[in-house]
Amino acid sequence: MNCDDALEKLSDHHHETLATGEAVAVAEHLGACGGCAQAYCRLQAQLRGIGSAYAERPSSGTRDALRAAVATEFAAKPTGGLLSFLRRPVPAYGAVLAAALPLVAWLALRPAEPKPIDVAQPPAPARIHDYGATVPLFDRNVS
Ligand SMILES: [Zn+2]
């Protein structure tokens, strides 16, 4: 096999569509000829790059559908902000914060000091002065 024949069959050799005898002949030529081996390596790299480029690039219809979906999802809506706020994921500590909210509200809203009770003071009890239990009442000069 000469170089022209080998270069002609490199693509078929890569895709493994050659008959067994031809594939062996091409492989033997690639092992013996540096120029054709280099061309085969280049062809493999190009085919790998083309394959990955086509594999990663979505079709134009898919791209248009994605753009439309993104435009619909992120379009400004009057209630969209509130709904997305309510639908957002809540962290694990959110339940603890929600449970502590009444305590925080009570601490924030309670008065600093208790107010004095504004009630009229009852009159002071009568006090007895100059009273002696041993002195009979009739000996006293009571008028
Ligand atoms: Zn060659």
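The values are calculated or read from the model by the stated rules, or taken from the named source; none is laboratory data. Just so it is clear, the model here is predicted, and its values are computed rather than measured. Neighbour counts run over all protein chains shown; Cβ positions are idealised from the backbone, glycine included.
Data table
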{"read-out": "Filter pass, ASP130 being part of a loop (DSSP other than H, G, I, E, B) and either under 30 Å from ASP12 (Cα atoms) or of a type in the set (D, E, K, R) (or both)", "value": "yes"}
{"read-out": "Residue check for THR20: loosely packed, with under 10 Cβ neighbours inside 10 Å, under 27 Å from the mean Cα position of the chain (by Cα) and of a type in the set (Ser, Thr, Tyr)", "value": "no"}
{"read-out": "Filtered residues of region 1-17 (kept if loosely packed, with under 12 Cβ neighbours inside 10 Å, within 15 Å of the ligand (Cβ to nearest atom) and not in a helix (DSSP H, G or I))", "value": "ASN2"}
{"read-out": "Within region 23-35, tally of residues that are assigned to a helix (DSSP H, G or I), more than 56 Å from the chain's Cα centre (by Cα) and within 10 Å of the ligand (Cβ to nearest atom)", "value": "2"}
{"read-out": "Checklist (1) modelled with pLDDT of 90 or more; (2) under 30 Å from ARG87 (Cα atoms); (3) hydrophobic (A, V, I, L, M, F, W, C) applied to PHE74, failing item", "value": "(1)"}
{"read-out": "Residue list for region 37-71, filter: modelled with pLDDT of 80 or more, over 28 Å from VAL26 (Cα atoms) and among the small types (Gly, Ala, Ser)", "value": "SER59, SER60, GLY61, ALA65, ALA68, ALA69, ALA71"}
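Residues checked against (1) among the β-branched types (Val, Ile, Thr); (2) surrounded by 10 or more Cβ atoms within 10 Å (Cβ to Cβ); (3) assigned to a loop (DSSP other than H, G, I, E, B):
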residue: LEU43; (1), (2), (3): no, yes, no
residue: ARG48; (1), (2), (3): no, yes, no
residue: PRO58; (1), (2), (3): no, yes, yes
residue: THR62; (1), (2), (3): yes, yes, no
residue: LEU66; (1), (2), (3): no, yes, no
residue: ALA69; (1), (2), (3): no, yes, no
residue: ALA76; (1), (2), (3): no, no, yes
residue: LEU97; (1), (2), (3): no, yes, no
residue: GLU113; (1), (2), (3): no, no, yes
